[in-house]
């Protein structure tokens, strides 16, 4: 298990005060050192803000504000920063329309839009934004930094869907697919596996929570997001776990029961919670899922079904570069329907790849991505 991120949530007041922001950076660095002294690797320090509507006057201000935010974040010691999830409302499409320019002028700034109660105009704006973002580079990689969020609460540490509230705070994002892999040996049915995994998660997360609470420094501790995040190695793959439990890769019979078992195991473990706390099926970040993707074992509908069964939603899904706006907008509407039905936080992140069509191979020079293939939508 590793800490994917310690995310610091800055209030609007802190964003306006360089000294307060610098204090937040020093706090995050000190917490990182204490966690690593306890033997747990911390991969990154991240900064998240409130929704842009709370600290900017108009959508046109977003691109310049994004550049200032990234510079301020780096100066305070954060590698990544996220503009808080853009809220639903009559003007949401106008804010979403500015996201491509905001990402074009930055390197490691992320953004998301909450589509849980959004209108068709926001679905369309999100689809158009994703296609514009895909053209910021030759490989479509920039869409790693934008996602649709569905009811993701304040204090969720995973990017892009991280949002601050009215007070400063922090939370911890966990990469723990390897804990699920390690829980496979021992036999038994799904219920036995669930209990074994829940016990292992609690054994590792409870001391981490105690450490965080003891070193909160006056900041609000939102909790830990144990999303069982993967890494592109078989020993750190939820695809590996799902195939071992179901006997087939994602797309086959028995897989949804396995996904639900993973969600229940996280729910059964006792620790202070933030964010998703459900299995993240990140297609290109997971060795097992990427292998199943290359084999054509599953499609978009299987990812939607897994979202209903317990996953966090379709994530880092490679799509054709010429996917129609109307089809993308319809996919955002479908995810809204799923999120409203299951009443859990979800997200949807897709990567249209310029010049690539269905079945074409994908490969990126990025440590967190495995080779895959373009999927149909």
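Here, each number is a calculation from the coordinates, and none is a lab measurement. In this text, all values refer to a predicted model and were calculated from it rather than measured experimentally. Don't worry about glycine lacking a Cβ; one is built from the backbone with ideal geometry, like all the others, and counts go over all protein chains shown.
Points worth noting:
- Per-residue ellipticity at 222 nm, computed for the chain from helices alone with -39500 (n - 2.57) per DSSP H run of at least four residues, works out to -12500 deg cm²/dmol.
- With the simple model of a label 7 Å out from the Cα in the direction of the Cβ, residue 203 to residue 340 spans 4.4 nm.
- Per-peptide average of other Cβ atoms within 10 Å, ordering 40-48, 154-162 highest first: 154-162, 40-48
- Prolate/oblate/rounded call for region 80-214, Cα gyration tensor, a/c under 1.5 rounded: prolate
- Residues within the reach of a label modelled at residue 360 (point 7 angstrom out along Cα to beta-carbon, backbone nitrogen below 19 Å), restricted to region 130-161, are 130-144.
- Relative contact order %, region 78-173, counting alpha carbon pairs below 8 Å whose residues are six or more apart: 31
- Label-reachable residues, region 223-250, where backbone N falls under 19 Å from a point 7 Å from residue 191's Cα toward its Cβ: 245-246
- Legend: calculated FRET efficiency, residue 71 to residue 91, from the Cβ-Cβ distance at R0 = 35 Å, rounded to 0.05, equals 0.85.
- Under the shape rule built on the C-alpha gyration tensor, where the axes satisfy a ≥ b ≥ c, region 12-159 is prolate, since a/c reaches at least 1.5 and a/b is greater than b/c.
- Top of 367, 54, 72 by mean-square fluctuation, Gaussian network on the chain, Cα under 10 Å: 367
- Beta bridge orientation in the chain: antiparallel %, DSSP, nearest 5: 30
- Most fluctuating residue given options 320, 207, 232, as computed from a GNM of the chain linking Cα atoms under 10 Å: 207
- Least to most buried among 79, 166, 32 (fewest other Cβ within 10 Å first): 166, 79, 32
- On the basis of the beta-carbon distance and an R0 of 41 Å, residue 138 and residue 253 show a calculated FRET efficiency of 0.55.
- Taking a ≥ b ≥ c as the square roots of the eigenvalues of the alpha-carbon gyration tensor, region 167-271 is classed prolate because a/c is 1.5 or more and a/b outweighs b/c.
- Projected label distance in nm at residue 16 and residue 322, using a 7 Å step from Cα toward the beta-carbon: 5.0
- Efficiency of FRET from Cβ geometry, residue 330 and residue 167, R₀ 35 Å, rounded to 0.05: 0.40
- Extension gain for the segment residue 295 to residue 57, taken as residue separation times 0.36 nm less the Cα-Cα distance, is 80.9 nm to one decimal.
- Counting neighbouring beta carbons within 10 Å and listing from fewest to most, the residues 231, 150 come out as 231, 150.
- Normalised by the number of residues in region 297-377, the average gap of Cα pairs under 8 Å and 6 or more apart makes the relative contact order 39 percent.
- The mean sequence distance of close C-alpha pairs (under 8 Å, at least 6 residues apart), as a share of the length of the chain, puts its relative contact order at 17 percent.
- Ordering 285, 167, 70 by the number of other Cβ atoms within 10 Å of each residue's own Cβ, fewest first, gives 167, 70, 285.
- For Rg and Dmax of the Cα atoms in Å, the value calculated from this model appears in [x] 20.3, 60; [y] 21.7, 72; [z] 19.4, 58 under label [z].
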